[in-house]
Amino acid sequence: MSIVRVFPRRTRATPDDALAFTGPPPGESLPDVQEVHVSVAFTYDLDRGHQLAEAWVRTGLPVRMGGPAFHEPGGDFIPGRYLKHGYVITSRGCPNRCWFCAVPKREGGVLRELPITEGWNVLDDNLLACSEAHIRAVFAMLERQAKRPLFTGGLEARLLRPWHVDLLRSVRATRMYFAYDTPEDYEPLVAAGRLLRQGGISAASHRAACYVLIGYPGDTMEAAERRLADTWRAGFLPYAMLYRDNTGNTDGAWRKFQTSWIRPVSIVAQMRAAGVKLAGVDGEGDVYA
């Protein structure tokens with residue numbers, strides 16, 4: 001069955017085939033299409049999603065709306081349908097209940113292992129919370145891919161074990177992302193950095209990165225900058241992730257602050273200029289590569 005998929009905005013993960021749209025219906029007809037799915041990832045895009053659904057209803061095709069913004073549990077992952085080919089989800093949900101995260105609301109605090117499909121950019125909510133058998137099966141799948149894997153969904157530092165590090169090294173992961181969202185995350189992050197270095201994944205390679213939540217209620221730029229620098233000290237390339245509420249609004253000053261903490265070359269230059277040492281690296285060994 002051919003399905004048109006409609007998205008409120010285009011991102012790096014948006015499918016790029018002929019039946020994926022980010023706007024109203026085209027002028028020409030769409031042969032052999034059975035229905036239209038409007039997929040909304042973020043709550044602040046719901047209004048735009050409803051507008052697009054109304055526009056596509058005029059084609060006479062059945063229109064369905066869904067996606068993470070509706071806080072409904074996701075089903076089995078179908079490669080290429082709502083994410084570009086190469087992106088893959090092998091499990092849904094997370095046992096943690098972080099105050100800022102929508103995953104527990106959507107998945108009910110339950111972690112579900114899914115049938116494993118092909119891909120190299122892993123977006124699981126919490127892959128390391130899965131069973132050892134599932135994790136090893138995911139890495140066996142990654143070994144078959146033409147591209148080296150990325151773990152952009154994030155890995156929980158507290159759960160990292162030496163055998164995970166062995167697997168990450170064996171598949172030659174291009175980048176793995178951890179997270180520093182709350183003060184309690186920092187000590188596990190430091191420990192994870194040590195495990196990675198002991199397992200042969202050097203801090204200087206910058207293969208280990210870390211999302212750092214900034215701009216949440218009560219945060220300050222001085223405190224955020226300290227967390228970002230501490231992330232570097234722990235052996236990770238820090239990426240500032242700007243907090244958004246349900247409206248999607250962000251403060252202009254915080255957006256400007258974030259821009260200096262999302263480009264690797266800029267981050268490395270800042271840390272060098274400030275004399276902040278990268279864990280496990282002496283002298284000028286912290287060259288971005």
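Assorted remarks:
- Test: residue in region 263-282 that is surrounded by fewer than 20 Cβ atoms within 10 Å (Cβ to Cβ), of a type in the set (Val, Ile, Thr) and within 25 Å of LEU123 (Cα to Cα): yes
- Of all residues in region 137-153 being under 20 Å from the mean Cα position of the chain (by Cα) and part of a loop (DSSP other than H, G, I, E, B), the one that is nearest to ARG106 (Cα to Cα): GLY153
- Candidates are the residues of region 159-190 that are part of a loop (DSSP other than H, G, I, E, B) and modelled with pLDDT under 95; the one that is surrounded by the most Cβ atoms within 10 Å (Cβ to Cβ) is ASP181.
- Summed over region 103-136, the residues that are in a helix (DSSP H, G or I), hydrophobic (A, V, I, L, M, F, W, C) and touching a residue at least 24 places away in the same chain (Cβ under 8 Å) give a count of 4.
- Of the residues making up region 22-40, those that are crowded, with 16+ Cβ neighbours inside 10 Å and either over 22 Å from the mean Cα position of the chain (by Cα) or basic (Lys, Arg) (or both) number 3.
- Candidates GLU118, GLU132, GLU156 - the one that is under 15 Å from the mean Cα position of the chain (by Cα), of a type in the set (D, E, K, R) and modelled with pLDDT of 95 or more: GLU156
- Of the residues making up region 232-247, those that are more than 18 Å from the chain's Cα centre (by Cα) and within 21 Å of LEU196 (Cβ to Cβ) are TRP232, ARG233, ALA234, GLY235.
- Among the residues of region 143-158, those that are within 19 Å of ALA234 (Cβ to Cβ) and either in contact with a Lys or Arg (Cβ under 8 Å, 6 or more places away or on another chain) or surrounded by fewer than 18 Cβ atoms within 10 Å (Cβ to Cβ) (or both) comprise PHE151, ARG158.
The values are calculated or read from the model by the stated rules, or taken from the named source; none is laboratory data. What you see is a predicted model, and the numbers here were worked out from it, not measured in a lab. For neighbour counting, all protein chains shown are included, and Cβ atoms are generated from backbone atoms with ideal geometry for every residue, glycine included.
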